[in-house]
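Below: one structure, written as C-alpha cells.
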Amino acid sequence: MDHFSGHIKELIDQLSALPGVGSKTAQRLAFHIINMPAEKAKALSDAIREAKENVRECSVCHTLTDDDICPICRDEERDRSVIMVVENSRDLAAYEKTGRYKGVYHVLQGAISPLLGIGPEDIRLKELIRRLEGDVSEVIIATNSSLEGETTAMYISKLIKPTGIKVTRIASGVPVGGDLEYIDEVTLLRALDGRTEL
Ligand code: ZN
C-alpha cells in the first residue's frame, strides 16, 4: 500500500482494523470519505468522537446509553421482578425488537471465556448479584449458545440457585454458536417462550 500517501494509508489502516472490513473495502471507504464534502466527513468524525465521549453504561442494567439510567430501566411499565441476562447491548436490542418482553435486562458486557482469559470478574456479574437483593422473581439467562455463552449460563445459574430465585434458560432453538443479534424475531420469541428452569 506504499503507493498511497501517508494520510490515505493511515485512514485505510484504521478502517481495515474494523471487524468485517477487509483491505479492499477499507480502500473503497477511505476514498469515499476523502471525496465526501468537508461537512459530511466532519459529521462522521464528530459522531465517532461524541459517541466515544458520551456513551456509558447504564448504572442499573449496564447497557450502553447516553444517560446515567437507560430508557428501559426508567420505564415505569417494565416489570422489574423479571431480569433477562444478555451478553451485550446488541442482544438487548434484538429482544427489544420483538416488542413482547416486558421485563428488564442485565447486560454482562461479555461472556466468560477461559480461552480468552475472560473470567467472571471481567463481566458485570457482581452487579447482577447485587440487583438480586431487590424484589426479583425470575432471572432469564439469554446468553448465546456458544461455548462461552453456555459456560456463562452455567456459572450464573450455580451462583443464583442458592438464593431460591427462579433461574431459566432460553430454549436452544437458537442455532449453536449463533449470535443472538442475527436471529430473527420469531426464533427469539420461541426461545423465550420455550425457556426451561435450570
Ligand atoms: Zn438500564
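Do you know the relative contact order of segment 69-197, to the nearest whole percent, from alpha carbon pairs under 8 angstrom that are 6+ apart? Don't jump to the answer; show the numbers that get you there.
Details: 200 pairs, mean separation 33.0, N = 129.
Relative contact order for segment 69-197 comes out at 26 percent.
Using the Cβ-Cβ distance between residue 138 and residue 116 with R0 set to 30 Å, the FRET efficiency from 1/(1 + (r/R0)^6) comes to roughly 0.50. Beta bridges per DSSP, both residues in segment 69-197: antiparallel share near 20 percent.
A Förster radius of 35 Å, combined with the Cβ-Cβ distance separating residue 161 from residue 77, puts the computed FRET efficiency at roughly 0.70. The protection proxy used here, the mean number of other Cβ atoms lying within 10 Å of each residue, ranks peptides 41-48, 4-11 as follows, highest first: 4-11, 41-48.
Using C-alpha positions alone, give me the convex hull volume of segment 1-101 per residue in cubic angstrom.
Values: hull volume 14.7 nm³, N = 101.
Convex hull of Cα atoms, per residue: 145 Å³.
Candidates 132, 88, 170 compared by Cα position along the dipole of the chain: farthest toward the positive end lies 170, with charges placed on Cβ.
Could I get the Rg over Rh figure for segment 6-54? Both from C-alpha atoms, Rh via Kirkwood, rounded to two places.
Working: Rg = 11.3 Å, Rh = 11.4 Å.
Looking at segment 6-54, the ratio lands at 0.99.
The reciprocal of the average 1/r between distinct C-alpha atoms defines the Kirkwood hydrodynamic radius, which for segment 113-171 equals 12.1 Å.
Computed over the Cα atoms of segment 69-197, what is the ratio Rg over Rh, Rh following Kirkwood?
Numbers: Rg = 13.6 Å, Rh = 14.7 Å.
Reported Rg/Rh (Cα atoms, Kirkwood Rh): 0.93.
Once backbone amide H atoms are built at 1.01 Å from N, residue 106 has 84, 85, 86 as its partners under 5 Å, excluding neighbours fewer than 5 places away on the same chain.
Order 148-158, 21-31 from most to least packed using the mean count of other Cβ atoms within 10 Å. Before the final figure, lay out each step's value.
Numbers: 148-158: 19.5, 21-31: 14.7.
Ranking, from highest mean packing down: 148-158, 21-31.
A dipole drawn for the chain from +1 and -1 charges on Cβ atoms has a positive end, and of 65, 44, 147 the residue lying farthest that way is 147. When only the Cβ of Lys, Arg, Asp and Glu is charged (+1, +1, -1, -1), the dipole of the chain relative to its Cα centre reaches about 260 debye.
Would you calculate, for the chain, the mean residue ellipticity at 222 nm contributed by helices, counting each DSSP H stretch of 4 or more residues as -39,500 (n - 2.57) and dividing by all residues, to the nearest 500? Show your work: numbers first, answer last.
Working: 8 runs with 85 residues, N = 198.
Helix-only estimate at 222 nm: -13000 deg cm²/dmol.
Coordinate-derived values only; no laboratory data. Please read these numbers as outputs of a predicted model, since none were measured by experiment. Every residue, glycine as well, gets a Cβ built from its backbone with ideal geometry; the counts of neighbours run over all protein chains shown.
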